[in-house]
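Since the structure comes first, as structure tokens, the remarks are kept for the end.
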């Protein structure tokens with residue numbers, strides 16, 4: 001059996017903006033992801049896994065995450081649950097301009113379990129930076145989510161964005177798994193593993 005990792009649960013930007021504000025998560029269903037975030041937080045607390053809650057703020061006149069607005073407040077589901085550390089950030093990665101890295105290293109954390117929003121933005125940025133700085137990373141894909149986009153390059157549904165970013169992150173940046181799989185791993189001691197670029201590509205080539 002692999003040695004059980006020393007985890008921290010990183011709960012990224014579970015704020016009203018994504019539920020009832022100007023940037024609503026559409027896939028997976030917001031009620032599903034919120035319920036899974038709650039399950040992960042409760043399980044982490046019960047297992048003495050530190051819980052770090054991250055909150056994004058922008059300028060008071062911003063259309064998103066305006067400091068002082070109701071939309072920028074933590075969703076009650078997260079705000080009312082126990083946490084070990086609260087981080088406020090202004091960039092996509094939870095490591096930029098915060099004490100997150102130092103806080104984790106002081107506690108000898110080696111594995112980050114990531115939930116929250118958005119899959120393709122703050123989750124992706126945080127996961128990649130954590131991987132590059134030496135942490136093992138787990139991403140709970142059904143405790144995250146995405147909105148749809150349309151710009152000069154085209155459009156993508158929320159499901160397309162979430163699915164593609166999850167697949168890409170699982171090629172080595174993180175072990176991407178469902179919340180129930182993560183809960184089972186906590187109980188069994190099994191260490192979830194990421195896939196890799198080579199095998200992911202070769203499978204796709206063979207399926208043509």
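The values are calculated or read from the model by the stated rules, or taken from the named source; none is laboratory data. Note that this is a predicted model, so its numbers are computed, not measured. Because the Cβ atoms are built from the backbone with ideal geometry, glycine has one as well, and the counts that use them run over all protein chains shown.
Per-structure values
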read-out	value
Some residue of the range 187-200 being in a strand (DSSP E or B), in contact with a helix residue (DSSP H, G or I) (Cβ under 8 Å, 6 or more places away or on another chain) and within 20 Å of residue 36 (Cα to Cα)	no
Residue satisfying all of: in the range 169-185; surrounded by fewer than 18 Cβ atoms within 10 Å (Cβ to Cβ) and in contact with a strand residue (DSSP E or B) (Cβ under 9 Å, 6 or more places away or on another chain); nearest to residue 118 (Cα to Cα) among these	178
Lone unmet requirement of (1) surrounded by 14 or more Cβ atoms within 10 Å (Cβ to Cβ); (2) without any contact (Cβ under 8 Å) to a residue 60 or more places away in the chain; (3) closer than 22 Å to residue 51 by Cα; (4) over 16 Å from the mean Cα position of the chain (by Cα) for residue 99	(1)
2 or more residues at pLDDT 95 or above and within 25 Å of residue 157 (Cβ to Cβ): qualifying strands (runs of 3 or more DSSP E) within the range 37-138	111-117
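Residue-by-condition table, conditions (1) over 24 Å from residue 199 (Cα atoms); (2) surrounded by 23 or more Cβ atoms within 10 Å (Cβ to Cβ); (3) without any contact (Cβ under 8 Å) to a residue 40 or more places away in the chain; (4) touching a helix residue (DSSP H, G or I) at 6+ places or on another chain (Cβ under 8 Å):
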residue: 109; (1), (2), (3), (4): yes, no, no, no
residue: 113; (1), (2), (3), (4): no, yes, no, yes
residue: 117; (1), (2), (3), (4): yes, yes, no, yes
residue: 133; (1), (2), (3), (4): no, no, yes, yes
residue: 138; (1), (2), (3), (4): no, yes, no, yes
residue: 149; (1), (2), (3), (4): yes, no, yes, yes
residue: 152; (1), (2), (3), (4): yes, no, yes, no
residue: 158; (1), (2), (3), (4): yes, no, no, no
residue: 167; (1), (2), (3), (4): no, no, yes, yes
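Yes/no per residue for (1) closer than 23 Å to residue 97 by Cα; (2) crowded, with 18+ Cβ neighbours inside 10 Å; (3) within 16 Å of the chain's Cα centre (by Cα):
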| residue | (1), (2), (3) |
| --- | --- |
| 18 | yes, yes, yes |
| 23 | no, no, no |
| 27 | no, yes, yes |
| 30 | no, no, yes |
| 44 | no, yes, yes |
| 47 | no, no, no |
| 55 | yes, yes, yes |
| 59 | yes, no, no |
